[in-house]
1. Would you be able to tell me the number of residues in the stretch 259-287 that are closer than 26 Å to Thr335 by Cα, surrounded by fewer than 13 Cβ atoms within 10 Å (Cβ to Cβ) and not small (Gly, Ala, Ser)?
2. Using the structure shown, decide if Ala125 is touching a Leu at 6+ places or on another chain (Cβ under 7 Å), outside any strand (DSSP E or B) and among the hydrophobic types (A, V, I, L, M, F, W, C).
3. If Ala323 satisfies every condition in (1) free of Cβ contacts under 8 Å to residues at least 12 places away in the same chain; (2) assigned to a strand (DSSP E or B) but one, which is the exception?
4. Would you be able to say whether some residue in the stretch 185-195 is surrounded by fewer than 16 Cβ atoms within 10 Å (Cβ to Cβ), in a loop (DSSP other than H, G, I, E, B) and over 36 Å from the mean Cα position of the chain (by Cα)?
5. If we keep just the residues of the stretch 352-363 that are open to solvent by 30 Å² or more (accessible area, probe 1.4 Å) and at pLDDT 90 or above, which is nearest to Arg298 (Cα to Cα)?
6. Among the residues of the stretch 156-166, is any free of Cβ contacts under 8 Å to residues at least 40 places away in the same chain, farther than 30 Å from Lys279 by Cβ, outside any loop (DSSP other than H, G, I, E, B) and in contact with a Phe, Trp or Tyr (Cβ under 6 Å, 6 or more places away or on another chain)?
7. Return the only residue of Ser73, Ser51 being part of a loop (DSSP other than H, G, I, E, B) and either closer than 17 Å to Leu174 by Cβ or under 29 Å from the mean Cα position of the chain (by Cα) (or both).
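The values are calculated or read from the model by the stated rules, or taken from the named source; none is laboratory data. What you see is a predicted model, and the numbers here were worked out from it, not measured in a lab. No Cβ is skipped: glycine too gets one built from the backbone with ideal geometry, and neighbour counts run over all protein chains shown. The area values use the complete protein model at the heavy-atom level, side chains included, leaving out ligands, DNA and RNA. Shrake-Rupley method; radii C 1.70, N 1.55, O 1.52, S 1.80 Å.
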Amino acid sequence: MRRKLILSVSSAFAVVAIFGALAVTHRSKAASAPAMAVATAPVVAGTVSSSDVPIYLQGVGTVIAYNTVVVHSQIQGQITKINFTEGQAVKTGDLLAVIDPRPYQAQLDQATANRSRDQAQLTNAESNLKRYTTLGNQGWATPQLVETQTAQVAQLNAAIKADEAAIEWAQTQLSYTQLTSPIDGVTGIRQVDIGNIIHPTDPNGLVVVTQVEPISVIFTLPETSLPQIQQHLADGSLKVVAYSQDNTMKLDEGSLDFIDNEIVQTTGSVRFRANFPNKEHHLWPGELVNAWLLLDTRHDGLTVSASAVQQGPRGPYVYVINADGTVAVRPVKVTQVSGGRALIDSGLALDEQVVVDGQYKLQPGIHVTILHGKAAEEAAAQEAQQTPIP
C-alpha cells in the first residue's frame, strides 16, 4: 500500500516536470521569435507649397461675331464674275462679284446725252434772251417776248438739274453692279453662281461676311459672383482667357467689356461679354468655349496637388502624414482647383506632407510608406494632365 502511494506521487511529479519543461521551451521560442512587423500602406506624397495664385471664375460662353452682313444686291442682273473664294479674308470695299453692267451703263449714257442736249438748248436760249433784252431796251421787242424767253431759260436750267439727278441715279445704279464687302471679315458659302440672275429680294443674298477681328464671347456666371466682379471692375479692366471646351488649349486673351443689365431668373446667372483681338482666328463665331475671368491674385497662397483633396460627408479633406509616419484626416477649405493644384484657404500649413495617391487604402492612424521613383513619377504625370493655369 505504501509502495503504491509512493509510485503515484512520483508519477505526478514527473507529469508536472514535463509540462514545466514544455512551458519553458515555448517561452524560450516565443522570446527568440522576431517582433511582428507593423502593417503599412504605400502612398505617394506631396508637399504643401506657397506661390502667387491667380483667382479665376469660370463660365461657359459662346463666340459672337462683332458684325455679320449678308451681301445683297440692290439691283437685278446676271452675275458675270465672282471675285472671291469661300472662307477668304476680305477688307472693306474688296470686290466680291460683278453684275452685267451694260443695261445700267446705257441708262447713264442716255442721261448724259439728255443733259448735253439741254445744255445746248440752254446756251441758245440764253443768247436769245440777251438779244431780246437789248432790243426791248431799244423799243424793238415787246416785254412779252422777253418774259417768254426768260421763262424758257429757267425751264432749261431746271431740265439740266433733272438731267444731273438722272445721271447721278444712273451712276449709282451702275456702281451697284459691283458687289463689294461692307466690312472686314471672312466670307462664308457662296449662294449664287456665275450666270445666275441675282435679285434684291433674294433672302440669302450673295454671301455672308463675318467679322472675326476683333470678336466677342458671351458667357455666364452665377449671380452670387456679381458683387465681387463689380468691385474689382471698379479698380480697372479685368482679363478674360478663352479656353477650348476641354480646357486643354488656350485660344486667346481679352478683357471684360460688358455686364448684362438683368439677371436671368430661370438660371440665377448673369451674362457677361468679353472682347478678344483674335489675331490668330482661334475663336470662331458660334463656338462654345470656357471663359476664365481673372478676378484677383492670391499672394503666397498655399497649394497642394488637386488629387490630394478628397470629398467626404462633411466636405473636402486631405490625409496629412505625421512625423511618426502615420496619417491623419484634416478638413480643408478649398478656394479653387486650377492647373492640377488646389488653393487651400485653411486647414494646412506650409511644407506639410499630404497623401496625393493611394488614399483608398488609408484609415486615420495607419502607418504609410512613401513611394519614390517610378510610382511617384506616374502620379506627377497624372497631375500634369489636369487643367492648365492660364
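1. Within the stretch 259-287, residues that are closer than 26 Å to Thr335 by Cα, surrounded by fewer than 13 Cβ atoms within 10 Å (Cβ to Cβ) and not small (Gly, Ala, Ser) number 2.
2. Numbers: touching a Leu at 6+ places or on another chain (Cβ under 7 Å): yes; outside any strand (DSSP E or B): yes; among the hydrophobic types (A, V, I, L, M, F, W, C): yes.
Here the answer is yes, as Ala125 does meet what is asked.
3. With respect to (1) free of Cβ contacts under 8 Å to residues at least 12 places away in the same chain; (2) assigned to a strand (DSSP E or B), Ala323 is out only on (2).
4. Yes; the residues of the stretch 185-195 include at least one that is surrounded by fewer than 16 Cβ atoms within 10 Å (Cβ to Cβ), in a loop (DSSP other than H, G, I, E, B) and over 36 Å from the mean Cα position of the chain (by Cα).
5. First pass over the stretch 352-363, keeping only residues open to solvent by 30 Å² or more (accessible area, probe 1.4 Å): 352-353, 357, 360-361, 363.
The next check asks that each one be at pLDDT 90 or above; those that pass are 352-353.
On the way: Glu352: 20, Gln353: 22 Å.
Looking at residues that are open to solvent by 30 Å² or more (accessible area, probe 1.4 Å) and at pLDDT 90 or above, I get Glu352.
6. In the first step, residues of the stretch 156-166 are kept if they are free of Cβ contacts under 8 Å to residues at least 40 places away in the same chain; the result is 156-158, 161-162, 165.
Next, from what is left, pick out any that are farther than 30 Å from Lys279 by Cβ: 156-158, 161-162, 165.
Now drop any that are not outside any loop (DSSP other than H, G, I, E, B), which leaves 156-158, 161-162, 165.
In the following step, the residues that additionally are in contact with a Phe, Trp or Tyr (Cβ under 6 Å, 6 or more places away or on another chain) were identified as none.
No, the stretch 156-166 contains no residue that is free of Cβ contacts under 8 Å to residues at least 40 places away in the same chain, farther than 30 Å from Lys279 by Cβ, outside any loop (DSSP other than H, G, I, E, B) and in contact with a Phe, Trp or Tyr (Cβ under 6 Å, 6 or more places away or on another chain).
7. On the way: Ser51 fails: part of a loop (DSSP other than H, G, I, E, B).
The unique qualifying residue is Ser73.
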